[in-house]
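The values are calculated or read from the model by the stated rules, or taken from the named source; none is laboratory data. Treat the numbers as computed from the prediction; the structure is a model and nothing was measured. Note that each Cβ is placed from the backbone with ideal geometry, even for glycine, and that neighbours are counted across all protein chains shown.
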Amino acid sequence: MPDFDDWRQGAACRDQDPELFFPLTEMGPGARQTARAKAVCARCPVRAECLEYALDHGLDHGIFGGTTETERRELRRVRTSRRAA
């Protein structure tokens, strides 16, 4: 997998306002902001690399790889339980 600086160059979010990817909440206005951020991620050619980076580095805040903090926590929980099995 390429290092962070390599894949980041192709990210769809590169020219977006970074604030878009850090909603204060997943409810109300934050839900609309989350949906807009995820729409950018949906068309991103390096979405998988971004998600892996977020999971590998424990990024707990913001939208990364098209996932919210809550979704990444669940992905980490599933990964951990699979490794334990």
Helices (runs of 4 or more DSSP H) enclosed by the chain - at least 1 residues per element that are of a type in the set (S, T, N, Q), out of contact with any Cys (no Cβ under 9 Å at 6 or more places or on another chain) and surrounded by 18 or more Cβ atoms within 10 Å (Cβ to Cβ): 29-42
Tabulated pairs, region 22-51, first under 13 Å from Glu69 (Cβ atoms) and at pLDDT below 95, second aliphatic (A, V, I, L, M) and surrounded by fewer than 16 Cβ atoms within 10 Å (Cβ to Cβ), C-beta under 7 angstrom, 6+ apart or interchain: Gly30/Leu24
Failed item, numbered, when Ala42 is tested on (1) closer than 23 Å to Asp6 by Cβ; (2) within 9 Å of the chain's Cα centre (by Cα): (2)
